[in-house]
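To start, the structure under review is shown below, and the notes come after it.
The values are calculated or read from the model by the stated rules, or taken from the named source; none is laboratory data. Source: prediction; values computed, not measured. Virtual Cβ from ideal backbone geometry, glycine too; neighbours counted across all protein chains shown. Areas reflect the complete protein model, heavy atoms only, side chains present, ligands, DNA and RNA absent. Shrake-Rupley method; radii C 1.70, N 1.55, O 1.52, S 1.80 Å.
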Amino acid sequence: QVQLVESGGGLVQAGGSLRLSCAASGSNFDIRTMAWYRQAPGRQRELVARIFSGGTTNYADSVKGRFTISRDNAANTVYLQMNSLKPEDTAVYYCTVVTSAVRQYWGQGTQVTVSS
């Protein structure tokens, strides 16, 4: 079993920055893929960014050039640096990981609100 704890959300003005963190803990797990999703009110949850164990990254077109995903494998932590934030980035952001046993775990979510 893997537990994920997210932090770093909050309220920021448009053009500002936030850094989200997600730390994984548990026993006997080997994390392969780490990712951030988001869900705005009335919308489906969508992939924001993903990073594979080898370091390859994917980004949603809407955040390319503004957001950066990174990971610290020793600390089992994934980060999302969000710059040039826009009101449309307002959502609950969820961390998720996939282990080598092909099991997926989700965090509880952290609110990001960008004011115009």
Alpha carbon Rg of region 37-103, scaled by the compact-globule rule 2.2 N^0.38 Å: 1.16
Spin-label proximity, ASP30 to region 94-116 - amide N less than 15 Å from point 7 Å beyond Cα toward beta carbon: 98-103
Reference-scaled alpha-carbon Rg (2.2 N^0.38 Å with N residues) for the chain: 1.01
Surface per residue (accessible, 1.4 Å probe) for region 21-116, Å²: 51
Carbon/sulfur fraction of accessible area - region 41-95, other protein chains in place, 1.4 Å, %: 44
Paramagnetic reach from GLN3 in region 74-108 [backbone N under 16 Å; point 7 Å along Cα→Cβ]: 76-77, 105-108
Cβ-Cβ FRET estimate between ASN58 and LEU11, R0 fixed at 22 Å, reported to 0.05: 0.20
